[in-house]
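Asker: The structure follows.
Nothing in this text is a laboratory measurement; each read-out follows from the coordinates by a stated rule. Not measured: the values here are computed from a predicted model. Cβ atoms come from the backbone with ideal geometry, glycine included; neighbour counts cover every protein chain shown.
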């Protein structure tokens, strides 16, 4: 099967295309509602956007050509949209408002407000932490920002603001995170330098981004649900094609392999600095284990699926140092614990993670799952339900469309093979 286009990369290409000069043609663009929120925002700001299934053409306005609007920009459920776009809006000559749905408006924004304000941005927020945000664009100055936490979204917001700032802007992260923004900036022509965990934008006033043709790799975070499903059944085999295998994303494959999964990476190639390849998966007896420390930021989106696999492993799954899960689309730690218990699993919930007992605690039974509007919770339990003893019902199952509109159809096709 071919997974949908990568969400993280689709967001970044859409934003950079909107502030580039000329037209960009983006193939295999993500179908996810989140990424179409980004396209909607760029269109509202004056970029010309044409969508044909998974192909997107964006004619940009240049760095200084975006247009203000009196209505608030709608980021939907997308934290990536609101956080990254805030960096771009901070450097404009107009005032913008941006907000999202009820879930997004509860997610913390102080993490981007702090560095953007250091650069000179004037940003108002509800309780100084939550959307709606009012961003009064204006003159920015470059800074060096030592990030207090590992976050690709914070890093990206600062680097994007650096495109509009006087002087150099650099960001040093405490642990490696996804580098899709750095790679995309380089591909669109931005003067960026990378030294270890520091990324720097050189701005002498002459930055110009150019539209380009770009291929979006398949989304590894979406592929993970099918890797998990194939691993659950001893006689299964699955071939995933055209998957993004950026080294800052493949830690999840290392975790699966450590747990005993049978995974091979095949046919590797490069496109726009991103590594793309195929993944072959066979059924295996999963051991389980502990995920913690520096691995957490690199597998943060995949943790719900790993936790839901816990009852099917020999040793169970323990997740530590992941308090960030509390402030995602839902409180994912609480949602995972609640729904695993509904299915009969033994779970210990902790402030920064949870411990899920393995097979010795008994088999899972079907249950009514409450995903709390969270796409990754819904999809993780749909996979777990494949190996449960009785049928499972997932409430509000359509919330999966935020990242993967065709997920249930694809899962059905794979399960029926």
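Asker: 7 Å from Cα along Cα→Cβ at both residue 72 and residue 2: what's the point-to-point distance in nm?
Answerer: Reported label-point gap for residue 72 and residue 2 is 3.8 nm.
Asker: Compute the long axis of helix 332-342 from its Cα atoms, compare it with the longest principal axis of the Cα atoms of the chain, and write down the angle in degrees, 0 to 90, nearest 10.
Answerer: The two axes meet at around 20 degrees.
Asker: Another question, then. Taking the Cα atoms only, what angle lies between the long axis of helix 79-89 and the longest principal axis of the chain, rounded to 10 degrees?
Answerer: Rounded to the nearest ten degrees, it is 10.
Asker: Restricting to DSSP H runs of at least four residues, report the calculated mean residue ellipticity at 222 nm for the chain, -39500 (n - 2.57) per run over all residues, nearest 500 deg cm²/dmol.
Answerer: The per-residue figure over the chain is -9000 deg cm²/dmol.
Asker: Turning to a different aspect of this structure: Once you have all Cα-Cα distances for the range 7-215, histogram them in 10 Å bins from zero and send the whole-percent values.
Answerer: For the range 7-215, the binned pair fractions read 9, 39, 40, 12, 0 percent.
Asker: When the Cα centres of the range 66-104 and the range 3-22 are compared, how far apart do they sit, in Å?
Answerer: 16
Asker: A further question follows. For the residue pair residue 341 and residue 144, what label-to-label distance in nm results when each label sits 7 Å from Cα along the Cα-to-beta-carbon direction?
Answerer: Computed distance between label sites residue 341 and residue 144 equals 4.8 nm.
Asker: Okay, next question. If you average the sequence gap of Cα pairs under 8 Å that are 6 or more apart and divide by the length of the range 7-215, what percent do you get for the contact order?
Answerer: 22
Asker: Could you tell me what percent of the DSSP beta bridges with both partners in the chain are antiparallel, to the nearest 5?
Answerer: Once the DSSP bridges in the chain are tallied, antiparallel ones form about 75 percent.
Asker: Post the alpha-carbon centroid distance, the range 372-416 to the range 286-319, in whole angstrom.
Answerer: 19
Asker: Same structure, new question: With each label point set 7 Å from Cα along the Cα-Cβ vector, what nm distance links residue 202 and residue 27?
Answerer: So the two model labels end up 3.3 nm from each other.
Asker: How big is the range 220-416 by Rg and Dmax over its Cα atoms, in Å?
Answerer: Expressed in Å, the Cα Rg and Dmax of the range 220-416 come to 15.6, 47.
Asker: Build a GNM of the chain with springs between Cα atoms under 10 Å: which of 205, 22, 260 gets the top mean-square fluctuation?
Answerer: Sorting by GNM fluctuation, first place goes to 205.
Asker: While we're looking at this one, here's another question. Run the paramagnetic zone check for residue 348: 7 angstrom along Cα to Cβ, then residues of the range 252-290 with backbone nitrogen under 18 Å.
Answerer: 288-290
Asker: Take the alpha carbon atoms of the range 131-159, find their center, do the same for the range 223-243, and report the distance between the two centers in whole angstrom.
Answerer: Spelled out, the Cα-based centre of one part sits 37 Å from the other.
Asker: Extension gain residue 365-residue 52, at 0.36 nm per residue separation less the Cα-Cα distance, in nm?
Answerer: Residue separation times 0.36 nm, minus the Cα-Cα distance, leaves 108.5 nm.
Asker: If one takes the longest principal axis of the Cα atoms in the chain, at what angle in degrees, from 0 to 90 and to the nearest 10, does the Cα axis of helix 7-18 lie?
Answerer: Relative to the chain, helix 7-18 is tipped by roughly 10 degrees.
Asker: Using Cα pairs closer than 8 Å and at least 6 residues apart in sequence, work out the relative contact order for the chain, in percent.
Answerer: Details: 995 pairs, mean separation 57.3, N = 417.
For the chain, the relative contact order is 14 percent.
Asker: Starting from the Cα-Cα distance between residue 175 and residue 118, subtract it from 0.36 nm times their residue separation and give me the gain in nm to one decimal.
Answerer: The span from residue 175 to residue 118 would gain 18.3 nm if fully extended.
Asker: Nearest 5 is fine: what % of DSSP beta bridges in the range 7-215 come out antiparallel, could you say?
Answerer: Rounded to the nearest five, the antiparallel share is 70 percent.
Asker: May I ask you to compute the full-extension gain from residue 285 to residue 94, defined as 0.36 nm times their residue separation minus their alpha-carbon distance, rounded to one decimal in nm? Kindly include the intermediate steps, with their values, before the conclusion.
Answerer: Numbers: separation 191, 0.36 × 191 = 68.76 nm, distance 5.70 nm.
Gain on stretching residue 285 to residue 94: 63.1 nm.
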